[in-house]
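Asks: Before we start, here is the structure in question, set down as structure tokens.
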Amino acid sequence: MRAALTVARRELAGYFATPVAYVFIVIFLVMSGALTFTLGNFFGRGTADLQPFFGFVPWLFLFLVPALTMRLWAEERRLGTIELLLTLPITQAQAVLGKFLAAWAFCAIALALTFPLVITVNLLGRPDNGVIAAGYAGCLLTAGAYLAVGAAISALTKNQVIAFVLAVAVCFLFAAAGSPVVTEFLSVRVPVLAELARGISLNDRLGNFARGVLSLRDLVYFASFIGFWLFANAVAVDHRKAD
């Protein structure tokens, strides 16, 4: 872990060395606030909670996280620095984990900067802050899931635009799998696939966290999901590093 954390610190510092990090954070904060207070009808609902915020976060991450991950490995391969990275005294798994942890920490910082919403809701009423904390945990796990997908796809191509588009498409499949439109369509035609779609839906899992329901099944799901895509990332790096 020490080597992976060293890579993570290097990568995280690299984010803030360019305007990309600040643009990402500003867009995320502006969009999450605007959607929560307008489309989410934050004040009109008359309920002291952050359900509107948790409802929009996964859809914001659907586009912003792939924009963050598209350069993780694609840029390394395009510039030819992937060989240099892997010649350092670290294993391939440590490099993959380090890059993932840096991006995840960056998303955690972006989420933490939404604290004014928590302060606002506490000033307006008496919310269950335990439920709010669980919702934030679910958002962070969802970001980790999207990051793992995006990093794996970034390792497959040198083109950042292709990496972004493919990551958005794959993440959208997992985000929308449990939506009523999809499940009702599949229930009529292929009931077995409808149950499968509900089972792999990321948004349904986040919905459980947003309601304050912490279940071992959801935690295992996120751990398995992230672990699988990180493994795929390592395999992709191993097979494509010489290209």
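To keep it simple, each residue is scored yes or no on (1) part of a helix (DSSP H, G or I); (2) more than 27 Å from LEU72 (Cβ to Cβ); (3) touching a helix residue (DSSP H, G or I) at 6+ places or on another chain (Cβ under 6 Å).
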{"position": "ALA151", "(1), (2), (3)": "yes, no, yes"}
{"position": "ALA163", "(1), (2), (3)": "yes, no, yes"}
{"position": "VAL168", "(1), (2), (3)": "yes, no, yes"}
{"position": "GLY207", "(1), (2), (3)": "yes, yes, no"}
{"position": "ALA223", "(1), (2), (3)": "yes, no, no"}
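Asks: All but one of (1) under 26 Å from ASN208 (Cβ atoms); (2) of a type outside the set (Ser, Thr, Tyr); (3) at pLDDT 90 or above hold for ILE25; which doesn't?
Replies: (1)
Asks: Keeping to region 12-47, report how many residues are surrounded by 16 or more Cβ atoms within 10 Å (Cβ to Cβ), assigned to a loop (DSSP other than H, G, I, E, B) and small (Gly, Ala, Ser).
Replies: Number of matching residues: 1.
Asks: Okay, moving on. Pick from region 90-103 the residues that are surrounded by fewer than 19 Cβ atoms within 10 Å (Cβ to Cβ) and of a type in the set (A, V, I, L, M, F, W, C): which of them is farthest from ALA34 (Cα to Cα)?
Replies: Applying the filter and picking the extreme gives ILE90.
The values are calculated or read from the model by the stated rules, or taken from the named source; none is laboratory data. For clarity, every value in this text was computed on a predicted model and none was experimentally measured. Backbone-built Cβ (ideal geometry, glycine too); neighbour counts: all protein chains shown.
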